[in-house]
Amino acid sequence: MAESKRYISQTELENHKKPGDLWISIQGKIYDVTEWSREHPGGALPLLNLAGQDATDAFVAYHPGLAWQYLDKFFTGYYLKDYSVSEVSKDFRKLAAEFSKMGLFEKKEHGTGILLCIIALLFSISVYGVLCSNSALVHLLSGALLGFSWIQSGWIGHDSGHYQVMSSRKFNRVAQILTGNCLAGISIGWWKWNHNAHHIACNSLEFDPDLQHMPIFAVSSKLFSSLTSYFYERKMNFDSIARFLVSYQHWTFYPVMCFARINLFAQSFLFLFSKRKVPNRGQEILGILVYWTWFPLLVSCLPNWGERLMFVVASFSVTGIQHVQFCLNHFSSSVYVGPPSGNNWFEKQTDGTLDIVCSSWMDWFHGGLQFQIEHHLFPRLPRCHLRKVSPFVQELCKKHNLQYDTASFWKANVMTIETLRSAALQARILSNPIPKNLVWEAVNTHG
């Protein structure tokens, strides 16, 4: 006689969502992933954020078909009582299965090898311009070319963090360390930890690190309540300093983006020298040391401090374009307070994301971010297929009356500045009166 199934309620499942006690539901079966969280390739944070609820759609989005066979060893023997699947989730899972049958997750046609050659060429020309020319203009252009090489290395780092861009995992790792740590000075380990949290908790003001830029930026007045960052494990205080900086954030946005990589340097160091478990910590630190060896040496080869400063500013400012691109996809979209929910995975990803409309010949410039909605729904999908699957995603959104927001690159910039300006003006209303003059009046009247 077959043994009857044992069930637990959603309320009981929610009791298992703290460190040391992590249970999740996948297709109605309950799994204890407490021990696995220590070894999970994506880190413990995604499991912690989705614990105590159904995580089927997130599991489908992030894992290949082979991963299903490893779930049984975590099965508790319990099933979720009254488990049901929304029509949106049904269609999302069907679409993911269809893409898998088409082999889209395996066909990586965007030529990582070619891109690596382009990066090497840009880097070589930049170094040649510094070492073999006495022209200040050539030195300026060399800095700009180095910035462009960092942008392209950023796309490789982004893609390789989601799926294997090289012929083997070993070569994938080599590409990550070379283009991320050695060439750009940014820890690929930190990037994956940060970026996975962003994808799981897209546009949650408390759980998405990509929206937690206090005291410099605040995309919503909800941040004025001094919310807690569960990613950085600290309170994001909206004090007088934050109030002042946020009040002018629509003016400071682009200048800050020009030097945003300084923050990435700092985050990389904090991550690598923290007490948290860092896979291949030695490799990561060695790669960072390589960067901080060659870059200062290259800058020191310039003839004077003026040109050295010009070179650094040019290279950082060009790379700032990429930092702006990362912001455009989310800053002007819907935000929410609280943890991510696995029950409305599709809806949260589309609500919090904006696609950039562009011609196919400009795909190289956006690095796949122009199809951010598609990327968030199917993060394992190589970017060369994002344009191909976009009509299917649009059709699904239309069928279920869900948001599918798009804008041109220019319009997306305008929307981002408008979002920052709106929050800035609200911050000023909350602020205490300060001595006013004509300049102050003009700035506060016209933004």
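Computed values, structure above
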item: Residues within region 161-178 that are over 16 Å from Cys117 (Cβ atoms), crowded, with 18+ Cβ neighbours inside 10 Å and in contact (Cβ under 8 Å) with a residue 24 or more places away in the chain, tallied; result: 4
item: Considering residues of region 209-228 that are free of Cβ contacts under 8 Å to residues at least 40 places away in the same chain and touching a strand residue (DSSP E or B) at 6+ places or on another chain (Cβ under 9 Å) only, the residue surrounded by the fewest Cβ atoms within 10 Å (Cβ to Cβ); result: Ser226
item: Pair list, Cβ under 8 Å, 6 or more apart: region 69-97 residue in a strand (DSSP E or B), other residue open to solvent by 70 Å² or more (accessible area, probe 1.4 Å); result: Gly77/Arg6; Tyr78/Arg6; Tyr78/Tyr7; Tyr79/Lys5; Tyr79/Arg6; Tyr79/Tyr7; Leu80/Tyr7
item: Search result, residues across region 46-69 that are open to solvent by 20 Å² or more (accessible area, probe 1.4 Å), of a type in the set (A, V, I, L, M) and under 15 Å from His376 (Cβ atoms); result: Val60
item: Residue that is within 25 Å of Thr293 (Cβ to Cβ), under 24 Å from the mean Cα position of the chain (by Cα), among the small types (Gly, Ala, Ser) and buried (at least 23 other Cβ atoms within 10 Å of the Cβ), where the choices are Ser204, Ser149; result: Ser149
item: Test: residue in region 77-87 that is closer than 26 Å to Phe207 by Cβ and among the aliphatic types (A, V, I, L, M); result: yes
item: Tally, over region 403-428, of residues that are farther than 13 Å from Ser220 by Cα and either part of a helix (DSSP H, G or I) or out of contact with any Leu (no Cβ under 8 Å at 6 or more places or on another chain) (or both); result: 11
item: Options Lys73, Lys107, Lys94; residue that is within 25 Å of Ile8 (Cα to Cα) and of a type outside the set (Phe, Trp, Tyr); result: Lys73
item: Hits in region 313-364 - residues which are open to solvent by 30 Å² or more (accessible area, probe 1.4 Å), under 30 Å from Val299 (Cβ atoms) and not β-branched (Val, Ile, Thr); result: Ser317, Phe326, Trp364
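The values are calculated or read from the model by the stated rules, or taken from the named source; none is laboratory data. Everything numeric here is computed off the predicted structure, so don't read it as measured data. Here the Cβ is made from the backbone with ideal geometry for all residues, glycine too, and neighbour counts use every protein chain on show. The accessibility values were calculated without ligands, DNA or RNA, using every heavy atom of the protein model including side chains. Shrake-Rupley method; radii C 1.70, N 1.55, O 1.52, S 1.80 Å.
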